[in-house]
Amino acid sequence: MMPRLQPLARLAIALAALGAQPLAAQPTVPQGTEAAAQALGHFGISRNRLDLRILRAATPFYRVRVGGGRLRVEGSSPVAVVRGTYAYLNRLGLLSVSWEGVRAAPIPTLADYDGPRVESPFLNRFYLNTCTYGYTTPWWGWPRWDREIDWMAAHGVDMPLALEGQEYVWRALWREQGLDDATIGRSLSAAPFLPWQRMGNIEAYRAPLQPGWIEKKHALQIRILGRMHALGMKPILPAFAGYVPKAFAERHPEARIYRMRAWEGFHETYWLDPSDPLFAKLAARFMQLYTATYGPGDHYLADAFNEMVPPIADDGSDARSGSYGDATANKAAAQAAALPRDVRDRRLAAYGERLYRSITAAAPGATWVMQGWLFGADKHFWTPDAIAAFLSRVPDKGMLILDIGNDRYPGVWRDTAAFDGKPWVYGYVHNYGGSNPVYGDLQYYRDDIPAVVADPRHGQLSGFGLFPEGLHTNSVVYEEAYDLAWKNGEASLADWLTRYTRARYGKTTPALVAAWQDVAAGAYQTRYWTPRWWKDRAGAYLFFKRPALDGDSYPDAPGDPARLRRGIEGLLKQAPALRASPLFGTDLVDFTRHYASVRLDGALRRAITAYKAGDVAAGDKAVAQVRALALAIDHMIGAQPESLGSWIADARAYADTPEEAKAYMEDAKAQVTLWGGDGNLADYASKAWQGMYADFYLPRWTLFLDRLRAATIAGKPLDEAATRQAIIGWERQWVADDALHRQARPKDAIGDARALMQALDRP
């Protein structure tokens, strides 16, 4: 392996190799203990109060001591040292680090303390999902990424996916292959949709990708990797998985390039068979260019079959027929399964071996990383024997499988004998699309994570991770799960909540913990938010789904609304004592928003039922309730950190020209509404944000309900096809509109939450 390069050295190589224009020099990042001290300094902890030591160890660990008022922390890595310091101060109620903000109390004179050696049962702790780079980070710059790396270190994460900046390398590769910049730009999807282009699902959606965005992300990735390396993290980098632009495929008719299926109603993409000589050439050159640009890595991600069935038939016809996954029937999998098993197994084994060797040929000793989502989501094709064939020719130590979906598709690792001896990582997706209902399963994580560690069948289990598609939602889930990954969970959930609330709000009481226990019983006993995908329509709530006449049959939301309400009422009683805590207000508003949204869905059902029954008066009354609730929620949640306005503002801030600003704004609005394609992705990334309730969901439902009311009065059935087309036309117009939807913060969000809860009692 090449020696690890510092950011400026990597930048110099990149400029020489790719002919790029010089960028402003970036300062080098402190190493080892200094990097740990820098992260802790971001939380307000003075370097003068820290004695930090990094000690080599086979097992990740930290140990905290206090003497003379100084924190003396040792650990197996800079991340372990930061984690140990955070865990100690968090337990004292002095520090809480979350997406919503950092609460850091002044550190008093600390009593002498000799803490135990704390070891993680996992060699590494993983974080992020390929999709996070579309649903959350497309408009992030360095200040936001710097804070996220702090968050990772505090929670003990040491192996994050690091996927920014790769279009800079893809552009260089396709330039070498004879494609001009205009053709390359037209082939690259807009920023919020790039993850699915990288995984081969789409190409050129809302193209072109602006050159300025590529340059900004290139400079950003240099800083990201520099800081991750300084903290001792081992970032997972992208590799070549075989997907090529259509323009490249057309230039190489002699190559074995398969036309793959049309994913979710997009046009087909093109995948180069690893057996073709071009595959090894392109894979090696991508790795060489990536290394020249960003420095070498140890772990490389290549997902060749994300929601795409592998071609088994010689002509690849089976890879483009039918659909994928649990949304619709999988004809492609059935067709592939009809082929002789030995044919399938030989083809899968060759794919696995060549994907692995394409990485190690350019980076000897590197590890091929792949997400195991497909094994659970498409069990029709990926049977245990098919998985075994795919993995059979890859050396055990040369691969790492991220088994990310255990809260959705549990037990794949058991069905496959722990992936037939390959090292693997246990974890949960939890969040889909950045959509943000209040849910998770706090007791399940407490039971499940230790059980996997203790299970003698777990084979080469080497890590734990959380792999959310989107961030900034349900922080309590991530706080607890990463605590458990370090054996920091108290004996009971109530005890853990006592610590959590003390650190997050600055104080706690038995009444506050009791209220949180009610919230947990009402909302945090749900592993997967099932209503988000109903009758092939996405959206976290009925109100977030594209309107249709069958909305009156929408099921009740998971959880226990009565317990959730009791918890909210308990929190409201604590509000006078906690009003000064910003994070208390954030949580209370979020829980109230969620509860009120579930109640809003009930009013929607009543409106549809009444109009369908010919009762216009009852329908009008329910519609008035829908409108009042939607506007009240929208006003209240202006206090939250994110809004439609902030999402749009972040997108526009990435632009260099007015034309780019308009394109980025439309891309951002499309991501959280239409998504794209002619499949079922509309509202997949639905957001409970200010601006979405009042300016998108409510007008869309009003259009539908007005038409339904008019049909009821006329004594005619609703023309559903025409109404659907009218709604889609309205959505497209909304995305193209230049309205900025600026965030408006309420003067008293807690008072608004109280008023909203009272309004829900009125008939």
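The values are calculated or read from the model by the stated rules, or taken from the named source; none is laboratory data. The structure displayed is predicted, hence computed values, not measured ones. Please note: Cβ atoms are built from the backbone with ideal geometry, for glycine as well, and neighbour counts cover all protein chains shown. In case anyone asks, the SASA skips ligands and DNA or RNA and just uses the protein heavy atoms, side chains included. Shrake-Rupley method; radii C 1.70, N 1.55, O 1.52, S 1.80 Å.
Only beta bridges with both residues in the chain are counted; by DSSP, about 45 percent of them are antiparallel. In the chain, helices alone account for a calculated mean residue ellipticity at 222 nm of -14500 deg cm²/dmol, with every DSSP H run of four or more residues adding -39,500 (n - 2.57).
When the Kirkwood radius is taken over all Cα pairs of the stretch 490-635, what Stokes-Einstein diffusion coefficient follows at 37 °C and 0.692 mPa s, in µm²/s? Numbers along the way, then the final one.
Numbers: Rh = 16.8 Å.
The diffusion coefficient I find is 195 µm²/s.
Computed over the stretch 694-749, the quotient of the alpha carbon radius of gyration and 2.2 N^0.38 Å is 1.50.
Sorting D683, D620 by solvent-accessible area of protein heavy atoms yields D620, D683, largest first, with a 1.4 Å probe.
Taking all protein chains as they are arranged and a probe of 1.4 Å, the heavy atoms of L461 leave approximately 30 Å² accessible to solvent.
What percent do you get for the relative contact order of the chain when only Cα pairs under 8 Å and 6+ apart count?
On the way: 1429 pairs, mean separation 88.4, N = 763.
Taking the mean separation of contacting Cα pairs over the length of the chain, I get 12 percent.
How big is the Cα convex hull of the stretch 663-763 in projection, averaged over all directions, in nm²? Average projection, Cα convex hull of the stretch 663-763: 9.1 nm². Available extension along the chain between H252 and I107 is 45.7 nm, counting 0.36 nm per residue and deducting the alpha carbon span. The stretch 90-108 and the stretch 332-403 have Cα centres separated by 44 Å. Going 7 Å from the Cα of D455 in the Cα-to-Cβ direction, what parts of the stretch 419-434 have a backbone nitrogen less than 14 Å from that spot? Counting only backbone N, you get 419-421, 424-428.
The H on the amide N of G115, modeled in the peptide plane, is under 5 Å from the matching H of V64, R65, V66, each at least 5 residues off or on a different chain.
The relative contact order of the stretch 139-227 comes to 35 percent, based on Cα pairs under 8 Å that sit 6 or more residues apart. Cα extents for the chain along the principal axes, largest to smallest and rounded to whole angstrom: 72, 72, 55.
Hydrodynamic estimate: the Kirkwood radius of the stretch 40-185 over Cα pairs, inserted into Stokes-Einstein at 10 °C and 1.306 mPa s, corresponds to D of 90 µm²/s. Taking a ≥ b ≥ c as the square roots of the eigenvalues of the Cα gyration tensor, the stretch 506-573 is prolate, since a/c reaches 1.5 or more and a/b is larger than b/c. Per residue, the stretch 472-546 exposes an accessible area of 29 Å² to a 1.4 Å probe, with every protein chain left in place. Find the percent of Cα-Cα distances in the stretch 157-253 that exceed 17 Å, and round it to a whole number. Of all Cα-Cα distances in the stretch 157-253, 53 percent exceed 17 Å.
If you keep only loop residues by DSSP, which trypsin sites (Lys or Arg not before Pro) in the stretch 687-763 have at most 10 other Cβ atoms within 10 Å of their Cβ? Display every interim value, and only then the final one.
Values: sites: K687, R700, R707, R709, R724, R732, R742, K747, R754; in loops: K687, R742, K747.
Hits after loop and neighbour filter: K747.
For the stretch 652-730, relative contact order (Cα pairs under 8 Å, six or more residues apart, normalised by length) works out to 14 percent.
Looking at the stretch 381-464, which trypsin sites (Lys or Arg not before Pro) are DSSP coil and have at most 11 other C-beta atoms within 10 Å of their C-beta? Don't jump to the answer; show the numbers that get you there.
Details: sites: R393, K397, R408, R414, R446, R457; in loops: R393, R408, R457.
Sparse-neighbourhood loop trypsin sites (Lys or Arg not before Pro): R457.
Might you report the magnitude of the Cβ-based charge dipole of the stretch 647-763 about its Cα centre, with Lys and Arg at +1 and Asp and Glu at -1, to the nearest 20 debye? Could you put the intermediate results ahead of the total?
Values: 15 positive and 18 negative charges, 115 e Å.
In total the dipole reaches around 560 debye.
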